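One structure is given here, and the rest of the page talks about it.
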Amino acid sequence: MRRKDREVTDAGKIREAIEASHCCRLGFYDEGEVYIVPMNFGYTEEEEKRIFYFHSAKEGQKITALRANPGICMACVGDTKRATDKFTTEFESAIIRGNACEVTDDSEKIHALRLICQRHTPSNMAGFDAAIEKSLDRTGVWKIKI
């Protein structure tokens, strides 16, 4: 990072930026070119490790690319403030690097999907079990360990 005076290393501040982010931008290589997609995500800290989860279809460009090269860079952008009196924008963000791996264990998939749904649709959790029963077998889940 060029502007070290703006770098944040405090775990609490980083967590705040992640929590304030409505989606992430997931970047990875696809046949030698960078490919970036916006994604919903779930996040947890388990055994002193930060783990991000995202869901997707089981096949497609993103999945083919991640299977070939699991290295990722992800950006979570939290609060953004546009200045009205100068040409600048203030924002908080967390940049995450890691490797994506497909989750194949059904109990971990359900755990991950629960985290994602609780984060994005907490008022609809009464329908979670029925949705899982209907679509778990056709839903892909991936995790990123930091």
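Among the residues of the range 56-80, write down those that are open to solvent by 70 Å² or more (accessible area, probe 1.4 Å) and not in a helix (DSSP H, G or I). Can you show your working first?
Restricting attention to the range 56-80, the residues satisfying the condition of being open to solvent by 70 Å² or more (accessible area, probe 1.4 Å) are 58-59, 61, 64, 67-68, 79-80.
Result: K58, E59, D79, T80.
So which residues in the range 115-146 are in contact (Cβ under 8 Å) with a residue 24 or more places away in the chain and open to solvent by 50 Å² or more (accessible area, probe 1.4 Å), if there are any at all?
Result: Q118, R119, H120, R138, K145, I146.
Can you run down the residue pairs with Cβ atoms below 8 Å, 6 or more apart or on separate chains, where the first is in the range 60-72 and over 12 Å from E31 (Cα atoms) and the partner is hydroxyl-bearing (S, T, Y) and open to solvent by 10 Å² or more (accessible area, probe 1.4 Å)?
Short answer, once both residue conditions are applied: I63/S56; G71/Y29.
Part of a strand (DSSP E or B) and either at pLDDT 90 or above or buried (at least 16 other Cβ atoms within 10 Å of the Cβ) (or both), is that true of R50? If you could, list the steps in order and put the result at the bottom.
Numbers: part of a strand (DSSP E or B): yes; either at pLDDT 90 or above or buried (at least 16 other Cβ atoms within 10 Å of the Cβ) (or both): yes.
Here the answer is yes, as R50 does meet what is asked.
Looking at the structure I just gave you, is K4 surrounded by fewer than 18 Cβ atoms within 10 Å (Cβ to Cβ), in contact with a Lys or Arg (Cβ under 8 Å, 6 or more places away or on another chain) and at pLDDT below 90?
Working: surrounded by fewer than 18 Cβ atoms within 10 Å (Cβ to Cβ): yes; in contact with a Lys or Arg (Cβ under 8 Å, 6 or more places away or on another chain): no; at pLDDT below 90: yes.
No, not satisfied.
Just checking, does the range 98-109 include any residue being crowded, with 19+ Cβ neighbours inside 10 Å, touching a residue at least 40 places away in the same chain (Cβ under 8 Å) and among the charged types (D, E, K, R)?
Among the residues of the range 98-109, not one is crowded, with 19+ Cβ neighbours inside 10 Å, touching a residue at least 40 places away in the same chain (Cβ under 8 Å) and among the charged types (D, E, K, R), which makes the answer no.
If I filter the range 99-146 down to residues being among the β-branched types (V, I, T) and in a strand (DSSP E or B), which single residue comes out as nearest to R50 (Cα to Cα)? Before the answer, list the steps.
Let us first name the residues in the range 99-146 that are among the β-branched types (V, I, T), namely 103-104, 110, 116, 121, 132, 139, 141, 144, 146.
Right, trim to in a strand (DSSP E or B) and you get 103, 141, 144.
On the way: V103: 16, V141: 16, I144: 8 Å.
Looking at residues that are among the β-branched types (V, I, T) and in a strand (DSSP E or B), I get I144.
The values are calculated or read from the model by the stated rules, or taken from the named source; none is laboratory data. Since we're looking at a predicted model, the values are computed, not measured. Using ideal geometry, Cβ is built from the backbone for each residue, glycine included, and neighbour counts are taken over all protein chains shown. Quick note on the areas: whole protein, heavy atoms, side chains included, nothing else; ligands and nucleic acids left out. Shrake-Rupley method; radii C 1.70, N 1.55, O 1.52, S 1.80 Å.
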